[in-house]
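Novice: Okay, handing you the structure first.
The values are calculated or read from the model by the stated rules, or taken from the named source; none is laboratory data. Computed from a predicted model, the values in this text were never measured in an experiment. Positions of Cβ are generated from backbone atoms using ideal geometry, with glycine treated the same way; all protein chains shown enter the neighbour counts.
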Amino acid sequence: MDSEKIEIFDTTLRDGEQVPGCKLDTKQKLIIAEQLDNLGVDIIEAGFPISSPGDFLSVQEISKIVKNAKVCGLTRANKKDIEVAGEALKFAKRPRIHTGIGTSDSHIKFKFNSTREQILERAVDAVKYAKNFVDDVEFYAEDAGRTDNDFLAKVCEEVIKAGATVLNIPDTTGYCLPEEYGQKIKYLRENVKDIDKAILSCHCHNDLGMATANSISGIINGARQIECTINGLGERAGNTALEEVVMIIKQHPDLNFFTDINSKMLNEMSFLVSELMGMPVQPNKAIVGANAFAHSSGIHQDGVIKNRETYEIIDPREVGINESSIVLTARSGRSALAYRFKNIGFDVTKVELDILYQEFLKIADTKKEINNDDLNFMMKSFNQKIG
Ligand code: KIV
Ligand code: ZN
């Protein structure tokens, strides 16, 4: 069976930028959008045009420069939002309006003080209205993760009839278990009339650390688009991390999916977003964290020096990192020390290594990490002693 494409919908500039302290100006957004386009994302959610004049301008300017990706603007389910988004997107080669409304009983009661019937009507009206501005209309059922499946199916069916091309099923609060989220997608595939006329999309939040697992479960069960952000940035605990889903799909050919992302750009992309947003990446972050390809314990280092695959499932070059690093700490062994000495030009014999290793342990117990300056110093003192 041919492998199937998963569309990557990047929302770094919308959901990601909602993070406190991460606000970007238009110039910065343009830099990121251009790089996302080069990275190969299928859709760039450029912003929420009605939210501020600055965001409107960003969506408009991004629409002008993006060459390949679809450019998307978020709206609520009301005419004004949709008109403003239509205007902001008018220069885009491939515009998409992303409109929607909360569908869970909690949102219906507390946010809208409304009823299921009224919400359904608003959803349909919003999609129909958005169709006056663009062909490509994505509908989001906010808090779909906690929405009753029968009602969600009804909403999906009606918005498809109204012309929605994509159905976004957000786990807005990051509540679902992967099995549960996957079953929700499966339920929609099996119970919504004309479901093949639209693409199902996963939009998962990371409140319980399950955003990536939920998105993967979603595509296994029939979704064909994942909404995600660089470095997993986003509201509260964040969104699904783009680099994670892309590499899972790549490292698991058994899933039979592919994306158009150039994975070799992932590391630089992560760095760019982190720098411009002023949001450091946690060192142990999967794929792009500083320690993702660093080995520091003696047992692991010995394995990696003999064959990288003993402790690495991804070749670091696949994500744009030149090589794995062997970090010298008090937990390192002789083979790591010899390896690092060799890297700076010293080929040490076994006898020399035994002596140097004892010296190394003394220094390593006083420092977090031994660097090349320390190694040069050790070698100089060693040569003085024996010379
Ligand atoms: O998390 C969410 O439900 C959203 C929607 C606005 C798509 O971000
Ligand atoms: Zn979201």
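Novice: Pairs under 7 Å by beta carbon, first residue among the charged types (D, E, K, R) in segment 319-340, partner surrounded by fewer than 20 Cβ atoms within 10 Å (Cβ to Cβ) and assigned to a helix (DSSP H, G or I), six or more apart or different chains?
Specialist: Cβ pairs passing all conditions: Glu323/Pro316; Arg331/Gly298; Arg334/Leu353; Arg334/Tyr357.
Novice: With the checklist (1) surrounded by fewer than 24 Cβ atoms within 10 Å (Cβ to Cβ); (2) away from ligand 1 (no atom under 14 Å from the Cβ); (3) of a type outside the set (Lys, Arg) in hand, flag the one item Gly238 doesn't pass.
Specialist: In the conditions (1) surrounded by fewer than 24 Cβ atoms within 10 Å (Cβ to Cβ); (2) away from ligand 1 (no atom under 14 Å from the Cβ); (3) of a type outside the set (Lys, Arg), Gly238 misses (2) alone.
Residue by residue, here is whether (1) aliphatic (A, V, I, L, M); (2) assigned to a helix (DSSP H, G or I); (3) within 14 Å of ligand 1 (Cβ to nearest atom) holds:
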| site | (1), (2), (3) |
| --- | --- |
| Ala92 | yes, no, no |
| Ala123 | yes, yes, yes |
| Ala126 | yes, yes, yes |
| Asn132 | no, no, no |
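Novice: Suppose we keep only residues that are modelled with pLDDT of 95 or more and among the charged types (D, E, K, R) within segment 211-235. Which one would you say is farthest from the chain's Cα centre (by Cα)?
Specialist: Filtering first and then ranking leaves Arg224.
Novice: Restricting to segment 53-85, name every residue that is part of a loop (DSSP other than H, G, I, E, B) and within 16 Å of ligand 1 (Cβ to nearest atom).
Specialist: Thr75, Arg76, Ala77, Asn78
Novice: Take Thr259 and decide whether it is within 16 Å of ligand 2 (Cβ to nearest atom), among the hydroxyl-bearing types (Ser, Thr, Tyr), touching a residue at least 24 places away in the same chain (Cβ under 8 Å) and within 23 Å of Asn68 (Cβ to Cβ).
Specialist: The answer is no for Thr259.
Novice: I'm checking my understanding of the structure. Among residues of segment 35-53 that are crowded, with 24+ Cβ neighbours inside 10 Å and more than 17 Å from the chain's Cα centre (by Cα), which one is farthest from ligand 2 (Cβ to nearest atom)?
Specialist: If we take residues in segment 35-53 being crowded, with 24+ Cβ neighbours inside 10 Å and more than 17 Å from the chain's Cα centre (by Cα), then Pro49 is farthest from ligand 2 (Cβ to nearest atom).
Novice: Another question, if that's okay. Name the residues in segment 124-142 that are surrounded by fewer than 24 Cβ atoms within 10 Å (Cβ to Cβ) and farther than 19 Å from Arg94 by Cβ, would you?
Specialist: Within segment 124-142, Val124, Asp125, Lys128, Tyr129, Glu142 meet the criteria.
Novice: Condition first: under 24 Å from the mean Cα position of the chain (by Cα) and more than 24 Å from Lys70 (Cα to Cα). Can you find one or more residues in segment 101-109 that meet it?
Specialist: Yes; the residues of segment 101-109 include at least one that is under 24 Å from the mean Cα position of the chain (by Cα) and more than 24 Å from Lys70 (Cα to Cα).
Novice: Looking at Glu323, Glu309 in this structure, which one is within 30 Å of Ile249 (Cα to Cα), in contact with a Pro (Cβ under 9 Å, 6 or more places away or on another chain) and exposed (fewer than 14 other Cβ atoms within 10 Å of the Cβ)?
Specialist: Glu323
Novice: Filter segment 91-113 down to residues that are of a type in the set (Gly, Ala, Ser) and buried (at least 17 other Cβ atoms within 10 Å of the Cβ) and give me whichever is nearest to Ser201 (Cα to Cα).
Specialist: Of everything passing the filter in segment 91-113, Gly100 is nearest to Ser201 (Cα to Cα).
Novice: Hey, can you tell me all the residues within segment 8-34 that are buried (at least 17 other Cβ atoms within 10 Å of the Cβ), away from ligand 2 (no atom under 16 Å from the Cβ) and touching a residue at least 60 places away in the same chain (Cβ under 8 Å)?
Specialist: Those that are buried (at least 17 other Cβ atoms within 10 Å of the Cβ), away from ligand 2 (no atom under 16 Å from the Cβ) and touching a residue at least 60 places away in the same chain (Cβ under 8 Å): Leu24, Gln28, Ile32.
Novice: Being more than 15 Å from ligand 2 (Cβ to nearest atom) and in a strand (DSSP E or B) is the filter; apply it to segment 136-165 and report the residue that is nearest to Arg76 (Cα to Cα).
Specialist: Ranking the qualifying residues of segment 136-165, first place goes to Val137.
Novice: So His98 fits all but one of (1) touching a residue at least 40 places away in the same chain (Cβ under 8 Å); (2) away from ligand 2 (no atom under 16 Å from the Cβ); what number is the exception?
Specialist: Among (1) touching a residue at least 40 places away in the same chain (Cβ under 8 Å); (2) away from ligand 2 (no atom under 16 Å from the Cβ), the lone unmet condition for His98 is (2).
Novice: Here's a follow-up. Does Asp207 count as free of Cβ contacts under 8 Å to residues at least 24 places away in the same chain and either acidic (Asp, Glu) or under 22 Å from Leu272 (Cα atoms) (or both)?
Specialist: no
Novice: Of these, Ile119, Ile101, Ile97, Ile50, which one is assigned to a helix (DSSP H, G or I) and under 26 Å from Cys22 (Cα atoms)?
Specialist: When all the criteria are applied, what remains is Ile50.
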